[in-house]
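Input: a single structure, listed below in C-alpha cells.
No lab work stands behind these numbers, since they all come straight from the coordinates. Since the model is a prediction, treat every value here as computed from it, not as a measurement. Glycine also receives a Cβ, built like all others from the backbone with ideal geometry; neighbour counts cover every protein chain displayed.
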Amino acid sequence: MTTALITGSTAGIGAAFARRLAADGHDLVLVARDGNRLREQATELHDRHGIEAEVLTADLATDDGIETVARRLSDLRNPVDLLVNNAGFGNKGRYLDVPMADELRMLKVHCEAVLRLTSAASEAMRTRGRGGIVNVASVAAFVPRGTYGASKAWVVQFTQGAARDLAGSGVRLMALCPGFVRTEFHERAGMGTDNIPNWMWLDADKLVASALADLARGKTLSVPDPRYKALMGVVKVTPRALLGGISSRTGRKYGPR
Ligand SMILES: NC(=O)c1ccc[n+]([C@@H]2O[C@H](COP(=O)([O-])OP(=O)(O)OC[C@H]3O[C@@H](n4cnc5c(N)ncnc54)[C@H](OP(=O)(O)O)[C@@H]3O)[C@@H](O)[C@H]2O)c1
C-alpha cells in the first residue's frame, strides 16, 4: 500500500487526483484550509474505496501551514510515496490592480510552499530510494500572464531542474501544465469564463489520468491533451509581443468585486 499527499485536495484538479488515487487503492493525506470539507472528503473516499484518508488542515500561505505539511512529508515512519503540490488560486485583476498582499500570497503558495514541500518530500524519498512528485503548474507558464504565469513558469523551471539534479536517486519529479479546467478556480478569483471557447476546456479526471501516465513514463513535463500540445507548439514560434496580447485577453475577464 502506498500513500499520496495532495494539497488543495477538496476541489477541482486536487479532488480529481484524490478520487483517482483512492480508486487505485492508495492511502491519502488530504490538505486544504477548510477542515470540515476535508473531513467529509476523507470519509467519502474511505467509505467508497476502503482506503485510509488522513486530514491535514493547513493554510499554505502561512509558515505554520507549510511547516505542518513539511513535517508530515519528512516522517519516515509514515512515508509519503507521491506528493501532488496542487493548491493554488488566481487573483482578480491585472498587474497593479491586484493588491501587493495578494501578489505576495500567490508567490508564497505557488512558489515558496512548492519549494519547501518538494524539498521535504525529496529528502525523505531520496533516503528511501523512491517516490514521485507532481507540481501543478499551468500552460500559463509559457505565456506572459502577470504574477500567475510568472509563478507557474517558476514551478516548471524549478521542477525540471530538480528532476535533473535528482536523476538516478529514485525520486521522480514532474511539472503538470493543464489548460483551462472547469473547477472552482475561476469563480473564486472572480473571473468570467464566457470568453473562453468551449474547445479549450479540459476534463479534470482525464487530465489526472494523463498526468499519472506521464509520471509513470518518467516525463518531467506533462501538457495533457493533444489540443494543448498543439497550442504549445504554436506558442513556441509566436512572437512574444503578439503572444502577450492574446494571453492578456483570454480568460481574464474580471467581474465586479
Ligand atoms: N482550473 C484551471 O483552469 C487551471 C488551469 C491550469 C492550472 N491550474 C492550477 O491547478 C491547481 C488547482 O486549481 P483548481 O482549478 O483545481 O482550483 P480550485 O477548484 O479552486 O481548488 C483549489 C484547491 O486548493 C485549496 N487551496 C487554495 N488556497 C490554499 C491555501 N492557501 N492553502 C491550502 N490549500 C489551498 C482549496 O481548498 P481551501 O479553499 O479549503 O483551502 C482547494 O482544495 C492550481 O495550482 C491552479 O493554479 C488550474
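Of the residues making up region 136-164, those that are assigned to a helix (DSSP H, G or I), of a type outside the set (Val, Ile, Thr), within 11 Å of the ligand (Cβ to nearest atom) and in contact with a Cys (Cβ under 7 Å, 6 or more places away or on another chain) are 141, 151. The residue of region 3-40 that is farthest from residue 136 (Cα to Cα), among those that are within 7 Å of the ligand (Cβ to nearest atom) and of a type in the set (S, T, N, Q), is 10. Inside region 58-91, residues that are within 14 Å of the ligand (Cβ to nearest atom) and touching a helix residue (DSSP H, G or I) at 6+ places or on another chain (Cβ under 7 Å) make up a count of 16. When 173, 215, 221, 166 are checked against the criterion of being farther than 21 Å from residue 142 by Cα and either among the polar types (S, T, N, Q) or in contact with a Ser or Thr (Cβ under 9 Å, 6 or more places away or on another chain) (or both), a single residue qualifies: 166. Inspection of region 180-195 identifies at least one residue that is farther than 20 Å from residue 18 by Cβ and of a type in the set (S, T, N, Q). In region 92-120, which residues are touching a Gly at 6+ places or on another chain (Cβ under 7 Å) and away from the ligand (no atom under 16 Å from the Cβ)? Answer for region 92-120, where residues must be touching a Gly at 6+ places or on another chain (Cβ under 7 Å) and away from the ligand (no atom under 16 Å from the Cβ): 94, 95. Please determine whether any residue of region 81-103 is among the hydrophobic types (A, V, I, L, M, F, W, C), in a helix (DSSP H, G or I) and either buried (at least 22 other Cβ atoms within 10 Å of the Cβ) or without any contact (Cβ under 8 Å) to a residue 12 or more places away in the chain (or both). Taking every residue of region 81-103 in turn, at least one turns out to be among the hydrophobic types (A, V, I, L, M, F, W, C), in a helix (DSSP H, G or I) and either buried (at least 22 other Cβ atoms within 10 Å of the Cβ) or without any contact (Cβ under 8 Å) to a residue 12 or more places away in the chain (or both). Where residues in region 165-204 are of a type in the set (A, V, I, L, M) and in a loop (DSSP other than H, G, I, E, B), which of them is surrounded by the fewest Cβ atoms within 10 Å (Cβ to Cβ)? Of everything passing the filter in region 165-204, 167 is surrounded by the fewest Cβ atoms within 10 Å (Cβ to Cβ). Restricting attention to region 40-62, the residues being part of a helix (DSSP H, G or I) and either in contact with an Asp or Glu (Cβ under 8 Å, 6 or more places away or on another chain) or crowded, with 20+ Cβ neighbours inside 10 Å (or both) number 4.
Note on region 123-164: residues that are surrounded by 18 or more Cβ atoms within 10 Å (Cβ to Cβ) and of a type in the set (D, E, K, R) amount to 2.
Within region 202-218, residues that are free of Cβ contacts under 8 Å to residues at least 40 places away in the same chain reach partners that are of a type in the set (A, V, I, L, M, F, W, C) and within 16 Å of the ligand (Cβ to nearest atom) with beta carbons closer than 7 Å, at six or more positions or on different chains, in the pairs 202/180; 202/181.
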